[in-house]
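Undergrad: Take this structure, written in C-alpha cells, and hold onto it; I'll ask about it next.
The values are calculated or read from the model by the stated rules, or taken from the named source; none is laboratory data. Everything numeric in this text was worked out from a predicted model, so none of it was measured. Note that each Cβ is placed from the backbone with ideal geometry, even for glycine, and that neighbours are counted across all protein chains shown. To get the accessible areas, we keep the full protein, side chains included, count just its heavy atoms, and leave off ligands, DNA and RNA. Shrake-Rupley method; radii C 1.70, N 1.55, O 1.52, S 1.80 Å.
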Amino acid sequence: MQQIIDLIQTYSLLRMLIAFLVLIGIVFLNAIVMGYLERKIAARIQRRWGPMEIGVQGWLQMILDGVKMLAKQLIVPRDADRFLFRLAPLLCFTPVVMIFAALPFSKALYGINLHIGLIYIIAMASINVFAILIAGWSSNNKYSMFGAMRSVAQNIAYEIPILLSLLSVVLTTASFDLQKIVEAQSGWLWFAVYPNLFVAFVIYLIAGCAETNRAPFDLPEAESELTAGFHTEYSGFGFGLFAVAEYGNLFIMASIASIMFLGGWNGPFGLASGPLMGAFWFLSKVFVLMLVMIWVRWTYPRVRFDQLMNLAWKYLIPFSLVNLLITAFLVKMI
Amino acid sequence: MSLMKNTLDILKSGSFDVAESDYKKCGYHLEVKLTESQVRDFAQAMLDCGFYIDFVSAVHVTPCFQVVYQFAHFDEACRINAKAMANAQGEIPTICDIYHGANWHERETHDFYGVVFTGHADLRTLLLSEEDADLKPLLKHADKLVNVETITRKSGGDAEMKPVKKTKEEQTAAE
Amino acid sequence: MSTMTKFETTDKHRFLLNMGPQHPATHGVLRVILEMDGEYAMGIDPVLGYGHRMQEKMAESRTWPGFYPNTGRMDYVGAMPFNHGYVALIERMAGIEVPERAEYIRVITSEMNRIASHLLGIGAYVLDLGAFTPILYAFDDREDILDALEDITGSRLTYCYYRVGGVLKDIDDTFIKRTRAFIENFRKRIPMYNDLVTGNVIFIKRTEGVGIITADMARRYGATGPTLRGSGIAYDIRKSEPYSVYSHFDFDIPTGKNGDSLDRYYVRICELEQSLRIIEQALDKLPDGPVLAKPKRAKLQEGDCSFSVETARGVLTYYLVGDGSEVPYKLKIRVPSYSNLSLLEEMCTGMLIADLVSAMGSLDLVIPEIDR
C-alpha cells in the first residue's frame, strides 16, 4: 500500500491519470445524484412524487435513464455538419472533467494544484460556450441557431460580472491559487462575511445562474420559445453528454462559490477539516448552493432576452465594478 | 333598448331592408335582408355603430348561396342577423377590409362552400388541406338541396316543432 | 391548412421560422409561420386545420340528438358550455320549457367547468413563460372539480351531460357536499396563486404591456371572453343576453385596463372568484323538482335560429338552419378562439419571439376548438 502511494507521489503523470479516471466517474456520479435530487425536489415543490418505480424512492431511475440513453440511436440530421455535430457534446463535456481536476476537494484531495488555478478554471469554463455555439450551428436548425446565439451573447455578458466579483477575492488574498485562497479563510472568517465580498458573492451567484443556463436565465434552451434550443436535434448520448456537462457546470459554479466565498473545505466554527472531513464540508456547501439553484429554477418564470442583457450590462457589471474598486481601496488601506 | 332603436333608424335611413324579430324564438333582435351590392355598405354601417363581428357563414340553397352575417354589440344586447344572396356565380363582395375578423370566416366559407368573396386578397385554404381545396364538403347533394323559401321562417308561423309521426302514406310505403 | 405561405422573402436578412405544429408554445397542433428579422417576428401567418374534423358536416348528416356527443369534443377543456349552447339552441327552436332545477344544475356544472378551464389556462400560460410549478398546483385543484363532475356526468373531459329539456341525471348530496368543500378549499388557494405568480417581478415584466388589444381591434376581429375583458370592456353573454338562469345570480364582470397579457391573465384569476360566487348562490337556491322534461323527438322547424353562450374563452354561437326535417340543414358553430386567434397577426407583428409566446399564451387557445 505504502509502495503504491509512494509510486503515485513520485510520478505525477500517473497521479494525474488516476485522478482523471476518477474525475470522469465523479462527473457522471454528480450528474446522476443531481439529476435524481433535481427530479425529487422539483416533484416535492410541485406536490407530486417524482420517480418512485425503480428502487426505493426511485433512486435507480437516473442510472436506468443513462442506460436508456446509451441504447438510443444517435441521429444526425441530414443537412447537419456531421463532424462538428458529433464534436460538440465532447467539447462540452471534456472541459468539465478538466476543471474538476483543479478543484480542491480538501487539503489533500485534488487532481492537480495550479498556482493559477482560478484563471485555468475560468479559461476552461469558457470553452462551454464554444461547444454550445458549435452544437447550435452544426445542427442546421433555426431553433438551435437561436439558442446558440443567445447562449454566446449571454455567456459573454455574464462572464464579466463573474470575473469582476472573483477578482475582489483575488485582490484580498493576492493569489490565484485555490488552495491558498481556501487557507486564507481558515477558521470562521469566510469571505462572504465581509460586506464588500458578500456583495461580490451575491453578484457571483446571480451571474453564475445565468452562466450555467439555469432558470430563470435558461434562455438558450427556452422550451416554450425554442423547443429545446441548442440541443434540439441531439438524441441518445449526445444529448446525455450535454445533460451531464450541465450538471457538471452547475457543480463547478457552486464549488467556485464555496471556495472563493464560503471557505472551501474549512469546517464551520473551526471544526475539524482533515482530508476527508474537509471534503465533506466542501461537498455540503456545494450541494446546498446547488439545491438553492434548483429551488429557484422550479419557482420562477423565465426572463426575456433583453431583460437578461439589461440585468448584466446595466446592473451587475456596474455594481461589481464599484465593488471591485471599494475592495481595492480597502485592501490598500488595511 | 335605445341602441337597438338607434341602429334600426340608422339602418332604415340607409335603405336597408331591416325588421325586428322575436329574440325568444330566433335568437337575434334585428333581421336584415341585403342585396349583393349592399353588403359592404352594411358592414361599414355596422362598424360605425360599434358592432363586433360574430361570424360569417353561408347556406347552400337554390338558386345560389345565402351568405349569413351576424353582428352583436358590446354595450347592449343587440344581435343582428343579415342575409344576402350571392350572385349566380357564387360571388359576393368581401368585408374583410372593414371587419378584419371576417378574413378567416370568409376563407372558411370559401373552403366549405366555394363562395368567392370578390376583393378578398388571400383565399388560400384555411381549415382544409390544399389537396382538398376542390372538395367543398358542405355543398348539398341535389336531392337534399332545397329552395331558399324552404328554410325561411314563416312569419307568424307556429314555433312548436312538429312531432315525428309518419303519415299513413309513408307507413304503407315503408311496408 | 395551406402549405403555401404568403411570405415571399426577398430580403436576405429575413428568414422563415416554422413554429409548430409540434411546438410547446402553440398548445397543440397549431402552426404559425413567422417571418423573422433576428429575434423579431415581422410577419405572422397562422396555419390552422391540423385537427379539423368537419363537425359542421357531421351535424348535417345525422338527426339533431346525434350531435350531442360532438359538442363536448370541440373545446375539450371547457366542454360544458358547448353542450349548453347546443341543447339551448334546440330548446329555443322548439320552444321547450326546461325544469328550473335542471337549469340550476346546468349553471353549477358550467361554472365548475369554467373554473377548471381557467385553471388550466392560467397554468399553461405561466408554463409558457417558463415557470413549471404553477400548472401542477392548478391541476391539483382542477382534479377536485373533475372528480366531482365525473360522479354525476360519467366523464372527466368531453362531457355529454345536457339533454334537450334538462340534464341527464340529477345531482345528489355527495356532489353538493363535495362542491361546497371545494369552494371553501379553493377560496383559500386563490391568494396562493396570486402570491406565486401574479406578484412575481419576472412575471409582471414578461406580461405588462405585451400584446395590447384595443377595444377597436376587438370589435373588428370579434374577440370575446377574457381576451376582450382584459381591454376594459365588460361584455359577457351571461349578463348581456342572459340565458338559462344566470339572471337570478349576483356576480360581477371583472375587467382589465390596458388590454395587455397581464390584464387578460388577471381577468381569468378574478373570474375564478365570480364563478365560485355563482355556484354558491345556485347551491343555496337549488329548487326541487324534475331534471328532465319528457324528451321528445321532433322535426326542426323551417327557418333559422341562433344561440350564444359564454364559454371559458368567449362567445360561442350556434346558428342552425332547419328545413322541416329531423336533420339540421345547416349548423354553424362560431367558436371564440377562432376569432381571438385571428387578431394574432395585428397584435404581434414586430414583436420579439419571447413576447409573441407570451401574447399568444394569454389568448388561452384550445386548438381542436379552432379547427373543429
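Undergrad: Please give the number of the condition residue C:294 fails out of (1) closer than 30 Å to residue B:30 by Cβ; (2) out of contact with any Asp or Glu (no Cβ under 7 Å at 6 or more places or on another chain); (3) of a type in the set (Lys, Arg).
TA: If we test residue C:294 against (1) closer than 30 Å to residue B:30 by Cβ; (2) out of contact with any Asp or Glu (no Cβ under 7 Å at 6 or more places or on another chain); (3) of a type in the set (Lys, Arg), just (1) comes out false.
Undergrad: Out of the residues in the range C:122-136 that are within 19 Å of the chain's Cα centre (by Cα) and open to solvent by 10 Å² or more (accessible area, probe 1.4 Å), which is farthest from the other protein chains (Cβ to nearest Cβ)? Full working, then the answer.
TA: Looking only at the range C:122-136, we keep the residues that are within 19 Å of the chain's Cα centre (by Cα), and these are C:122-128, C:135.
Then keep just the ones that are open to solvent by 10 Å² or more (accessible area, probe 1.4 Å); that gives C:122, C:124, C:127, C:135.
Values: C:122: 13, C:124: 10, C:127: 7, C:135: 9 Å.
This residue is C:122.
Undergrad: Oh, and also: Please verify whether residue A:149 is surrounded by fewer than 22 Cβ atoms within 10 Å (Cβ to Cβ), assigned to a helix (DSSP H, G or I) and within 14 Å of another protein chain (Cβ to nearest Cβ), treating the condition exactly as stated. Break it down into steps so the answer makes sense when it comes.
TA: Values: surrounded by fewer than 22 Cβ atoms within 10 Å (Cβ to Cβ): yes; assigned to a helix (DSSP H, G or I): yes; within 14 Å of another protein chain (Cβ to nearest Cβ): yes.
Yes: the conditions hold for residue A:149.
Undergrad: Any residue in the range B:69-79 that is more than 10 Å from chain C (Cβ to nearest Cβ) and over 26 Å from residue C:340 (Cβ atoms)? Let's see the steps before the verdict.
TA: Step one: filter the range B:69-79 for residues more than 10 Å from chain C (Cβ to nearest Cβ), giving B:69.
Next, only the ones that are over 26 Å from residue C:340 (Cβ atoms) stay: none.
No - not one qualifying residue is present in the range B:69-79.
Undergrad: Six or more apart or on different chains, Cβ atoms under 8 Å: show the pairs whose first residue is in the range A:51-76 and in contact (Cβ under 8 Å) with a residue 40 or more places away in the chain and whose second is of a type in the set (Asp, Glu).
TA: Every condition considered, the pairs that remain are A:75/A:233.
Undergrad: Can you tell me which of (1) open to solvent by less than 10 Å² (accessible area, probe 1.4 Å); (2) within 21 Å of the chain's Cα centre (by Cα); (3) of a type in the set (A, V, I, L, M, F, W, C) is the one residue C:17 doesn't meet?
TA: Every listed condition holds for residue C:17 apart from (2).
Undergrad: Given the conditions (1) over 30 Å from residue B:149 (Cα atoms); (2) touching an Asp or Glu at 6+ places or on another chain (Cβ under 8 Å); (3) surrounded by fewer than 24 Cβ atoms within 10 Å (Cβ to Cβ), and given that residue C:327 satisfies all but one, which numbered condition is not satisfied?
TA: If we test residue C:327 against (1) over 30 Å from residue B:149 (Cα atoms); (2) touching an Asp or Glu at 6+ places or on another chain (Cβ under 8 Å); (3) surrounded by fewer than 24 Cβ atoms within 10 Å (Cβ to Cβ), just (1) comes out false.
Undergrad: Please list, ordered by first then second residue, the pairs with beta carbon atoms under 7 Å, 6 or more apart or interchain, first in the range C:21-48 and free of Cβ contacts under 8 Å to residues at least 40 places away in the same chain and in a loop (DSSP other than H, G, I, E, B), second aliphatic (A, V, I, L, M) and surrounded by 21 or more Cβ atoms within 10 Å (Cβ to Cβ).
TA: Going by the 7 Å Cβ cut-off, the qualifying pairs are C:21/C:30.
Undergrad: Does residue A:176 count as in a loop (DSSP other than H, G, I, E, B) and open to solvent by 30 Å² or more (accessible area, probe 1.4 Å)?
TA: Details: in a loop (DSSP other than H, G, I, E, B): yes; open to solvent by 30 Å² or more (accessible area, probe 1.4 Å): yes.
Answer is yes for this residue.
Undergrad: Hey, another quick one. What number of residues within the range B:49-61 satisfy the criterion of being without any contact (Cβ under 8 Å) to a residue 40 or more places away in the chain and over 9 Å from residue B:71 (Cβ atoms)?
TA: The number of residues fulfilling the criteria is 1.
Let's see how each residue does on (1) within 14 Å of another protein chain (Cβ to nearest Cβ); (2) in a loop (DSSP other than H, G, I, E, B); (3) open to solvent by less than 50 Å² (accessible area, probe 1.4 Å):
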position	(1), (2), (3)
C:193	yes, no, yes
C:196	yes, no, yes
C:211	yes, yes, yes
C:220	yes, no, yes
C:227	yes, no, yes
C:234	yes, yes, no
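Undergrad: Related question: Can you tell which of C:198, C:227 is more than 21 Å from the chain's Cα centre (by Cα) and under 18 Å from residue C:273 (Cα atoms)? Talk me through it step by step, then tell me what you get.
TA: Numbers: C:227 fails: more than 21 Å from the chain's Cα centre (by Cα).
Residue meeting the stated conditions: C:198.
Undergrad: In the range A:247-264, what count of residues is obtained for those that are hydrophobic (A, V, I, L, M, F, W, C) and more than 21 Å from residue A:168 (Cβ to Cβ)? Spell out the reasoning first.
TA: First, pick out the residues of the range A:247-264 that are hydrophobic (A, V, I, L, M, F, W, C): A:250-254, A:256-257, A:259-262.
Adding the requirement that they be more than 21 Å from residue A:168 (Cβ to Cβ) leaves A:250-251.
The qualifying residues number 2.
Undergrad: When only residues in the range C:163-181 that are in a helix (DSSP H, G or I) and in contact (Cβ under 8 Å) with a residue 40 or more places away in the chain count, which is nearest to residue C:294 (Cα to Cα)? Show your work before the answer.
TA: The initial filter retains those residues of the range C:163-181 that are in a helix (DSSP H, G or I), namely C:173-181.
Next cut, in contact (Cβ under 8 Å) with a residue 40 or more places away in the chain only: C:176, C:179-180.
Values: C:176: 25, C:179: 28, C:180: 30 Å.
If we take residues in the range C:163-181 being in a helix (DSSP H, G or I) and in contact (Cβ under 8 Å) with a residue 40 or more places away in the chain, then C:176 is nearest to residue C:294 (Cα to Cα).
Undergrad: How many of the residues making up the range C:56-97 are assigned to a loop (DSSP other than H, G, I, E, B) and open to solvent by 30 Å² or more (accessible area, probe 1.4 Å)?
TA: Here is the first cut: in the range C:56-97, the residues assigned to a loop (DSSP other than H, G, I, E, B) are C:61-63, C:72-79, C:95-97.
Subset that is open to solvent by 30 Å² or more (accessible area, probe 1.4 Å): C:61-63, C:73, C:76, C:95-97.
Total meeting the criteria: 8.
Undergrad: Another one. Just for the range B:80-98: of the residues that are more than 9 Å from chain C (Cβ to nearest Cβ) and within 25 Å of residue C:235 (Cβ to Cβ), which one is surrounded by the fewest Cβ atoms within 10 Å (Cβ to Cβ)?
TA: Within the range B:80-98, the first condition is being more than 9 Å from chain C (Cβ to nearest Cβ), and the residues that meet it are B:80, B:82, B:84-97.
Next, from what is left, pick out any that are within 25 Å of residue C:235 (Cβ to Cβ): B:80, B:82, B:95-97.
Numbers: B:80: 25, B:82: 25, B:95: 27, B:96: 24, B:97: 13.
It comes out as B:97.
Undergrad: Related question: Under 8 Å between Cβ atoms, which residue pairs at least 6 apart in sequence (or on different chains) link something in the range A:130-144 that is within 14 Å of chain C (Cβ to nearest Cβ) and open to solvent by less than 60 Å² (accessible area, probe 1.4 Å) with a partner that is assigned to a loop (DSSP other than H, G, I, E, B) and among the β-branched types (Val, Ile, Thr)?
TA: A:141/A:232; A:143/A:227; A:143/A:232; A:144/A:232
Undergrad: Does the range B:125-144 include one or more residues that are assigned to a strand (DSSP E or B) and more than 7 Å from chain C (Cβ to nearest Cβ)?
TA: No, that holds for no residue.
Undergrad: Looking for whichever is crowded, with 24+ Cβ neighbours inside 10 Å, over 14 Å from the mean Cα position of the chain (by Cα) and not charged (D, E, K, R) here; the options are B:50, B:101. Which one fits?
TA: Values: B:50 fails: crowded, with 24+ Cβ neighbours inside 10 Å.
Unique residue meeting the criteria: B:101.
Undergrad: Which residues, taken from the range A:188-205, are in contact (Cβ under 8 Å) with a residue 60 or more places away in the chain and either open to solvent by less than 30 Å² (accessible area, probe 1.4 Å) or over 25 Å from residue A:331 (Cα atoms) (or both)?
TA: Those that are in contact (Cβ under 8 Å) with a residue 60 or more places away in the chain and either open to solvent by less than 30 Å² (accessible area, probe 1.4 Å) or over 25 Å from residue A:331 (Cα atoms) (or both): A:191, A:192, A:196, A:197, A:200, A:201, A:203.
Undergrad: Still on this structure: How many residues are under 27 Å from residue C:76 (Cβ atoms), facing chain B (nearest Cβ under 10 Å) and in a loop (DSSP other than H, G, I, E, B) when one looks only at the range C:325-353?
TA: 3
Undergrad: Could you list, in sequence order, all residues of the range C:295-324 that are touching a residue at least 24 places away in the same chain (Cβ under 8 Å), in contact with a Phe, Trp or Tyr (Cβ under 8 Å, 6 or more places away or on another chain) and in a loop (DSSP other than H, G, I, E, B)?
TA: Listed by number, the residues that qualify are C:300, C:311.
Undergrad: Looking only at the range B:3-48, count every residue that is of a type in the set (Gly, Ala, Ser) and in contact (Cβ under 8 Å) with a residue 60 or more places away in the chain and tell me the total.
TA: Qualifying residue count, the range B:3-48: 1.
Undergrad: Starting from the range A:302-321, keep only residues that are within 14 Å of chain C (Cβ to nearest Cβ), then list their pairs with residues that are among the acidic types (Asp, Glu) and outside any helix (DSSP H, G or I) whose Cβ atoms are within a distance under 8 Å, requiring at least 6 positions of separation or different chains.
TA: A:302/A:218; A:305/C:39
Undergrad: Which of the residues spanning the range A:22-61 are open to solvent by 60 Å² or more (accessible area, probe 1.4 Å) and over 20 Å from residue A:92 (Cβ atoms)? Write out each step before concluding.
TA: Within the range A:22-61, the subset open to solvent by 60 Å² or more (accessible area, probe 1.4 Å) is A:22, A:24, A:28-29, A:39, A:44, A:47-49, A:52-53, A:56-57, A:59.
Passing the criteria: A:22, A:39, A:44, A:47, A:48, A:49, A:52, A:53, A:56, A:57, A:59.
Undergrad: When only residues in the range B:25-36 that are assigned to a loop (DSSP other than H, G, I, E, B) and within 11 Å of another protein chain (Cβ to nearest Cβ) count, which is farthest from residue B:97 (Cα to Cα)? Outline the logic, then answer.
TA: First, the residues of the range B:25-36 that are assigned to a loop (DSSP other than H, G, I, E, B): B:27-29, B:35.
This time we only want the ones that are within 11 Å of another protein chain (Cβ to nearest Cβ), so: B:27-29.
Values: B:27: 27, B:28: 25, B:29: 26 Å.
Going through the qualifying residues, I end up with B:27.
Undergrad: While we're looking at this one, here's another question. Quick one: how many residues across the range A:99-129 are open to solvent by 10 Å² or more (accessible area, probe 1.4 Å), among the polar types (S, T, N, Q) and assigned to a loop (DSSP other than H, G, I, E, B)?
TA: Within the range A:99-129, residues that are open to solvent by 10 Å² or more (accessible area, probe 1.4 Å), among the polar types (S, T, N, Q) and assigned to a loop (DSSP other than H, G, I, E, B) number 2.
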